[in-house]
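Scroll down for the structure; my scribbles are underneath it.
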């Protein structure tokens with residue numbers, strides 16, 4: 001499965017007004033903490049891969065959920081499209097202990113609040129990322145044959161929200177945080 005994602009910096013207040021105008025459906029808010037890992041056998045920074053444990057809590061949830069995700073290298077120059085494999089885990093701490101036992105070291109943590117919406121089959125998230133600011137992501141999943149069509153659809157959703165796909169950022173939040181002078185503080 002391929003995740004097709006387009007991300008831009010944007011003021012959330014203006015985007016919320018546009019979301020209402022285009023008939024977006026709110027699907028809730030969550031707080032996420034993503035811990036990224038370095039592999040003992042290769043540098044994910046060099047291979048453009050990522051391995052993370054995501055811990056997530058919604059305001060109405062009693063328990064935290066956790067997922068482990070592997071993201072392959074970017075597959076095109078026009079968006080943040082990459083092959084992705086993800087599955088739920090019962091306990092994020094246990095998964096972290098397994099990775100530690102295998103020699104994977106925590107590299108960095110990204111914390112963010114996300115307001116989630118759907119628009120015409122696309123997930124739209126308004127992300128407030130600690131240390132970075134406000135972003136909007138438009139994404140969907142597809143098979144390899146559908147990547148170009150999915151990317152063009154994501155661009156269309158951005159335009160309908162008053163955002164310019166040409167200003168997209170292909171760097172991950174982790175990459176952006178590591179570029180910041182005080183990245184060690186995050």
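The values are calculated or read from the model by the stated rules, or taken from the named source; none is laboratory data. Here the structure is a predicted model, which means the values were calculated and not measured. Neighbour counts run over all protein chains shown; Cβ positions are idealised from the backbone, glycine included.
Here is how the numbers come out for the structure above:
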| quantity | calculated |
| --- | --- |
| One residue from 86, 62 being without any contact (Cβ under 8 Å) to a residue 24 or more places away in the chain and out of contact with any strand residue (DSSP E or B) (no Cβ under 6 Å at 6 or more places or on another chain) | 62 |
| Single match in 134, 141, 93 (criterion: free of Cβ contacts under 8 Å to residues at least 12 places away in the same chain and either surrounded by 13 or more Cβ atoms within 10 Å (Cβ to Cβ) or out of contact with any strand residue (DSSP E or B) (no Cβ under 7 Å at 6 or more places or on another chain) (or both)) | 93 |
| The stretch 1-16: number of residues that are surrounded by 11 or more Cβ atoms within 10 Å (Cβ to Cβ) and not in a strand (DSSP E or B) | 6 |
| Whichever residue in the stretch 50-68 is within 19 Å of the chain's Cα centre (by Cα) and surrounded by fewer than 17 Cβ atoms within 10 Å (Cβ to Cβ) and, among such residues, is farthest from residue 104 (Cα to Cα) | 58 |
| Residue count for the stretch 22-42, restricted to those that are exposed (fewer than 13 other Cβ atoms within 10 Å of the Cβ) and over 22 Å from residue 61 (Cβ atoms) | 4 |
| Qualifying residue in the stretch 77-92 (condition: modelled with pLDDT of 95 or more, in a strand (DSSP E or B), closer than 25 Å to residue 128 by Cβ and touching a helix residue (DSSP H, G or I) at 6+ places or on another chain (Cβ under 7 Å)) | no |
